[in-house]
1. With the requirement that a residue be within 17 Å of residue 214 (Cα to Cα), free of Cβ contacts under 8 Å to residues at least 40 places away in the same chain and buried (at least 21 other Cβ atoms within 10 Å of the Cβ), what does segment 20-53 give you?
2. For segment 225-233, check the following and say yes or no: at least one residue is modelled with pLDDT of 95 or more, farther than 28 Å from residue 20 by Cβ and touching a helix residue (DSSP H, G or I) at 6+ places or on another chain (Cβ under 9 Å).
3. Going residue by residue through segment 101-117, is there one that turns out to be over 22 Å from residue 38 (Cα atoms), acidic (Asp, Glu) and either buried (at least 16 other Cβ atoms within 10 Å of the Cβ) or at pLDDT below 95 (or both)?
4. Return yes when residue 161 is under 16 Å from the mean Cα position of the chain (by Cα) and open to solvent by 10 Å² or more (accessible area, probe 1.4 Å) and no when it is not.
5. Just the residues that are small (Gly, Ala, Ser) and either in a strand (DSSP E or B) or open to solvent by 90 Å² or more (accessible area, probe 1.4 Å) (or both), please, taken from segment 1-17.
6. Test residue 220 against the stated conditions and say whether it is over 16 Å from residue 71 (Cβ atoms) and outside any loop (DSSP other than H, G, I, E, B).
7. So is residue 56 closer than 22 Å to residue 220 by Cα, open to solvent by less than 30 Å² (accessible area, probe 1.4 Å) and of a type in the set (Lys, Arg) or not?
8. Determine whether residue 75 is aromatic (Phe, Trp, Tyr), out of contact with any Phe, Trp or Tyr (no Cβ under 9 Å at 6 or more places or on another chain) and in contact (Cβ under 8 Å) with a residue 40 or more places away in the chain.
Amino acid sequence: MKLNNPTEVFAIGDIHGEYHLFQEMLQNYQTQQQLILIGDLNDRGKKSKDCWLLGKKLVEEQNVIYLMGNHEAYFLEFLAAPEDWGPNYFHNGGKETMESLLHPGAIEEYSPTEMAMMIKSRYGELITFLQERPFYFEWEKYIFVHAGVDLVQKDWKKSSPHDFLWIREPFIKGKNQTGKTIVFGHTVTPMLYGDMTTTDLWQSDGKIGIDGGAVFGGSLHGVVFNQEKIVKDFEISNAGHGWQPSI
């Protein structure tokens, strides 16, 4: 679902369980705007469950577009094959999601299979919702997508699911001949700038990176677009609160 004929879009970057930033950013959103969540509401931050439930509520009640991110896909892959995916998933932020959905210390208390079974039994409706997330959204001259598209394809819509969710360098360095401006998350802007510091929006060759690396102590962006340009960029700093990966 989407709004009928919105004149503006409000796109929010990767949230990663930072529920307080999500709530604060939503204070800038106006209901006549088409709200887009660029994906990765879960993992690393402490409140994946709250972020997911709020994202689900927004989709169901306000026609918000919530795109699939690689971390939503990672979580679903874990549920499908917990012993295969568990160790890497937990190390890359899944530990915090397990504790958010179950309880602190769950990862030490239960096996991956046991945790997957409990989550499936308790959160069936949420899992179905996550499975249904779209890969991209088009509006006016813009493509909104989590990671990017395959710029080698003549038709970018033929990009693989893996590229929509995971692509980095081939998209970032490739020539944009889609005729569209591509708005994406996934790759943090400090990496795009190459200085590991700058959390500003990144813009190059009709591509706009909006993941300011909030969960790593960077910033959460909420960007307002009209049919022609960026109208406003709301940036909320999360300095001093960066995620520390599990050892």
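The values are calculated or read from the model by the stated rules, or taken from the named source; none is laboratory data. Everything quoted here is computed from the prediction, not taken from an experiment. Glycine also receives a Cβ, built like all others from the backbone with ideal geometry; neighbour counts cover every protein chain displayed. When the accessible area is computed, the model is the full protein with side chains, heavy atoms only, and any ligands, DNA or RNA have been set aside. Shrake-Rupley method; radii C 1.70, N 1.55, O 1.52, S 1.80 Å.
1. 37, 41, 51
2. Looking through segment 225-233, none of the residues is modelled with pLDDT of 95 or more, farther than 28 Å from residue 20 by Cβ and touching a helix residue (DSSP H, G or I) at 6+ places or on another chain (Cβ under 9 Å).
3. Looking for residues that are over 22 Å from residue 38 (Cα atoms), acidic (Asp, Glu) and either buried (at least 16 other Cβ atoms within 10 Å of the Cβ) or at pLDDT below 95 (or both), one finds none in segment 101-117, hence no.
4. yes
5. Selection gives 11 alone.
6. It is false that residue 220 is over 16 Å from residue 71 (Cβ atoms) and outside any loop (DSSP other than H, G, I, E, B).
7. yes
8. no
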